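The values are calculated or read from the model by the stated rules, or taken from the named source; none is laboratory data. Given the structure is predicted, the values throughout are model-derived calculations rather than measurements. Cβ coordinates were reconstructed from backbone atoms using ideal geometry, including for glycine residues, and neighbour counts include every protein chain displayed. Note: areas computed on protein heavy atoms with side chains; ligands, DNA, RNA excluded. Shrake-Rupley method; radii C 1.70, N 1.55, O 1.52, S 1.80 Å.
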Amino acid sequence: RLTMDPHNSAQDVHRCDLCETAIVHSYCDFCHVNLCKPCVVDHISDGYDKHKIVPFPERRSTLIYPKCETHPQKMCELQCKDCNNISICSFCTASEQHRGHIFVQISTVYKAQKETIEKDTEELVNTLSPTYEEIARDLEHELANLDGGYEKLTTTMSKQGEQWHREIDIVINKMKTEISEIKVKHRDVLKKHLDEIKQTQSLIKQTLRAINEIEKSTEVSPTIAYSSKIREFSKLPPKIQVSLPTFIPKPIDREKLYSLFGQITPLSTATEGKVLSLIQPKTSVRELLDKPKRVATIQTGYEKLGSVTCLNDGSIWTSGMTNDIKCFNSKGSLLQTVKQKSWNYPNDIAVDSDGDLLYTSGATRTVYKVKNGQKEELIRFQGWAPKQLCVTSTGDLLVTMVSDDKTQSKVVRYSGSTEKQTIEFDDEAKPLYSGNGCPKYITENRNHDICVADCGAGVVVVVNQDGKLRWRYTSHPSVTKNKPFKPFGITTDSQSHILTADGKNHCIHILDQNGQFLRYIDNCDLMYPYGLCVDNNDNLFVCEYFKGNVKKIKYLK
């Protein structure tokens with residue numbers, strides 16, 4: 001038979017801490033003990049004046065103020081704002097030391113701090129702790145798979161070595177075949193010469209036999225008819241000298257061999273993203289409009305307009321195939337012009353976190369910064385020319401660039417002028433981007449993915465912040481959009497949509513962050529859309545390359 005423990009019933013009734021049997025009625029906020037009615041009298045009978053008896057539902061509601069150091073008989077219920085928020089009592093406020101100072105109730109500060117603690121607790125329990133647990137799980141998973149990943153790497157390298165061995169064997173066998181063929185020719189030459197010599201030897205033997213017959217005979221006619229062949233045989237045939245072929249081994253250049261064998265991409269890390277993502281403000285969900293609307297057109301005066309970038313105040317910077325960079329306000333009025341040397345036009349423009357203009361110059365292989373109207377050199381390259389650029393949420397700079405011989409392309413991350421990361425190859429050591437001089441506009445998505453519109457390859461390439469390939473987009477099947485997909489400008493919005501300009505088909509493709517096609521913007525009379533940007537309100541700005549116009553389009557609800 002089961003019996004119920006009176007101290008631990010199913011209803012978990014609170015009991016008196018003194019008698020341990022009666023149901024609790026009150027609470028001492030100073031001693032932090034549960035009390036029944038009879039035990040209240042016993043609890044305060046010790047004469048201690050600090051007891052604070054409150055109804056049990058109001059427990060822990062009494063604030064315990066610190067004693068005043070100047071007036072020990074008083075409690076500090078105030079803070080002095082002018083004295084570094086020190087705690088003071090009511091007597092202190094009348095003293096000369098605090099005359100004219102500003103005071104605040106400690107209870108007000110306490111309440112505000114309690115609210116902060118509650119928010120911190122909620123953030124720690126619901127967001128930070130689970131996030132760190134997820135990060136720890138991810139790291140543990142990465143550590144568990146580390147050996148396998150490196151084993152795959154060395155296996156790939158071994159396969160490359162085996163392929164090289166096979167190719168070397170093929171080369172050796174081919175050379176051996178060539179030697180065998182030369183040997184046959186060598187033998188044929190010598191045999192032919194030998195046959196000629198043996199034929200002459202046979203004639204000499206015949207002549208000797210005839211002479212012997214004549215010498216033994218006394219007949220006159222054969223002797224008189226004899227014709228000497230010594231002169232004929234004395235004309236010795238030329239000596240044939242056929243030299244053996246030689247194999248001249250070339251010296252092994254280990255450095256060249258190393259570079260030809262393959263390339264090991266450096267270890268790349270990106271540590272800022274996860275931390276910052278915890279404090280990113282939540283964005284409201286905004287759906288795509290059924291029919292995007294053109295809300296403004298800004299005439300820039302460029303004959304060939306390539307790039308546009310937005311500032312926080314609603315103005316835009318623009319650049320084209322000229323040496324000037326123009327800034328317009330939202331109404332289309334020209335605010336500022338930055339001029340370069342006549343032969344030096346920008347490949348692309350961007351604005352950093354301070355609102356300063358950045359631009360790339362392929363001619364000088366340099367990224368420039370314009371601050372307070374003054375141009376300064378930020379990064380200069382050797383062997384590579386910068387193409388397009390963007391500024392990330394962490395303030396880093398991402399630059400697409402092409403080698404001087406236009407056979408290689410890559411993305412490089414900079415913090416200021418310091419190189420932090422290079423993105424060039426996928427996990428199979430194949431180039432991520434096409435090697436040519438075509439534009440490669442770049443942007444960062446809200447999830448820190450790096451998105452590149454590779455015009456030359458006709459593809460949008462997206463990697464994560466560590467440079468690992470996530471997906472490629474090569475257009476969406478369409479009856480009306482039947483010209484080759486050549487993406488130019490690319491940008492992202494608050495919903496992590498990716499927008500890219502399809503110049504030849506006069507439209508914009510909108511994708512989600514996983515590369516799924518959502519819709520076109522093809523109803524705003526766009527002609528050869530090129531550079532793109534999105535402002536803080538998710539308004540899209542589109543460069544029309546040959547018209548020189550920037551069209552402002554609303555496409556979200």
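Look at Gly467 and say whether it is open to solvent by less than 30 Å² (accessible area, probe 1.4 Å) and farther than 25 Å from Thr300 by Cα. Against the criterion (open to solvent by less than 30 Å² (accessible area, probe 1.4 Å) and farther than 25 Å from Thr300 by Cα), Gly467 qualifies.
Okay, residues lined up against (1) closer than 20 Å to Ser107 by Cα; (2) at pLDDT 85 or above:
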residue	(1), (2)
Pro38	no, yes
Asp42	no, yes
Asp49	no, no
Gln73	yes, yes
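Here is the figure for the range 284-326: residues that are outside any loop (DSSP other than H, G, I, E, B), hydrophobic (A, V, I, L, M, F, W, C) and surrounded by fewer than 16 Cβ atoms within 10 Å (Cβ to Cβ) total 4.
I'm checking my understanding of the structure. Among residues of the range 482-513 that are in a loop (DSSP other than H, G, I, E, B) and in contact with a Phe, Trp or Tyr (Cβ under 7 Å, 6 or more places away or on another chain), which one is most open to solvent (accessible area, probe 1.4 Å)? If you could, list the steps in order and put the result at the bottom.
Keep residues of the range 482-513 that are in a loop (DSSP other than H, G, I, E, B), which gives 482-486, 493-497, 503-506, 512-513.
Those still in the list that are in contact with a Phe, Trp or Tyr (Cβ under 7 Å, 6 or more places away or on another chain) too: 503, 506.
Details: Gly503: 3, His506: 50 Å².
Looking at residues that are in a loop (DSSP other than H, G, I, E, B) and in contact with a Phe, Trp or Tyr (Cβ under 7 Å, 6 or more places away or on another chain), I get His506.
Checking Thr116, Thr156 one by one, the residue that is surrounded by 11 or more Cβ atoms within 10 Å (Cβ to Cβ) and over 30 Å from Ile248 (Cβ atoms) is Thr156 and no other. Considering the range 53-77, and only residues there that are basic (Lys, Arg) and part of a loop (DSSP other than H, G, I, E, B), the residue that is most open to solvent (accessible area, probe 1.4 Å) turns out to be Arg60. Take Leu276 and decide whether it is part of a helix (DSSP H, G or I) and at pLDDT below 80. Yes, satisfied. Quick check on my filter: what residues within the range 337-357 are touching a strand residue (DSSP E or B) at 6+ places or on another chain (Cβ under 7 Å) and open to solvent by 80 Å² or more (accessible area, probe 1.4 Å)? Listed by number, the residues that qualify are Lys339, Ser353.
How many of the residues making up the range 417-455 are without any contact (Cβ under 8 Å) to a residue 24 or more places away in the chain, outside any strand (DSSP E or B) and more than 28 Å from Leu153 (Cα to Cα)? Residues flagged as without any contact (Cβ under 8 Å) to a residue 24 or more places away in the chain, outside any strand (DSSP E or B) and more than 28 Å from Leu153 (Cα to Cα) within the range 417-455 amount to 1.
Table: residues versus (1) at pLDDT 95 or above; (2) of a type in the set (Lys, Arg); (3) touching a Lys or Arg at 6+ places or on another chain (Cβ under 7 Å).
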site	(1), (2), (3)
Ala385	no, no, yes
Val391	yes, no, no
Thr400	yes, no, yes
Val411	yes, no, no
Gly416	no, no, no
Glu419	no, no, no
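Kindly evaluate Trp343 against the criterion of being touching a Ser or Thr at 6+ places or on another chain (Cβ under 8 Å) and either touching a residue at least 40 places away in the same chain (Cβ under 8 Å) or not in a strand (DSSP E or B) (or both). Spelling it out, it is not the case that Trp343 is touching a Ser or Thr at 6+ places or on another chain (Cβ under 8 Å) and either touching a residue at least 40 places away in the same chain (Cβ under 8 Å) or not in a strand (DSSP E or B) (or both).
Inside the range 162-201, can you point out the residues that are out of contact with any helix residue (DSSP H, G or I) (no Cβ under 8 Å at 6 or more places or on another chain) and in contact (Cβ under 8 Å) with a residue 60 or more places away in the chain? Walk me through how you get there before you give the answer.
If we filter the range 162-201 for residues that are out of contact with any helix residue (DSSP H, G or I) (no Cβ under 8 Å at 6 or more places or on another chain), which is where we start, we get 162-163, 165-199, 201.
Met175, Ile179, Ile182, listed by residue number.
Number of residues in the range 383-398 that are in contact with a Ser or Thr (Cβ under 7 Å, 6 or more places away or on another chain) and closer than 16 Å to Thr366 by Cβ: the value is 6.
So which of Val459, Val479 ends up being more than 14 Å from the chain's Cα centre (by Cα), at pLDDT 95 or above, over 17 Å from Leu389 (Cβ atoms) and surrounded by fewer than 21 Cβ atoms within 10 Å (Cβ to Cβ)? Walk me through it before giving the result.
Numbers: Val479 fails: at pLDDT 95 or above.
Going through Val459, Val479 in turn, the sole match is Val459.
Only one entry of Leu540, Leu526 meets the criterion of being assigned to a strand (DSSP E or B) and under 22 Å from Phe485 (Cα atoms), and that entry is Leu540. Scanning the range 87-113 for residues that are open to solvent by 50 Å² or more (accessible area, probe 1.4 Å), assigned to a helix (DSSP H, G or I) and closer than 15 Å to Pro66 by Cβ turns up Tyr110, Gln113. The lone criterion from (1) over 26 Å from Ser26 (Cα atoms); (2) open to solvent by 50 Å² or more (accessible area, probe 1.4 Å) left unmet by Ile44 is number (1).
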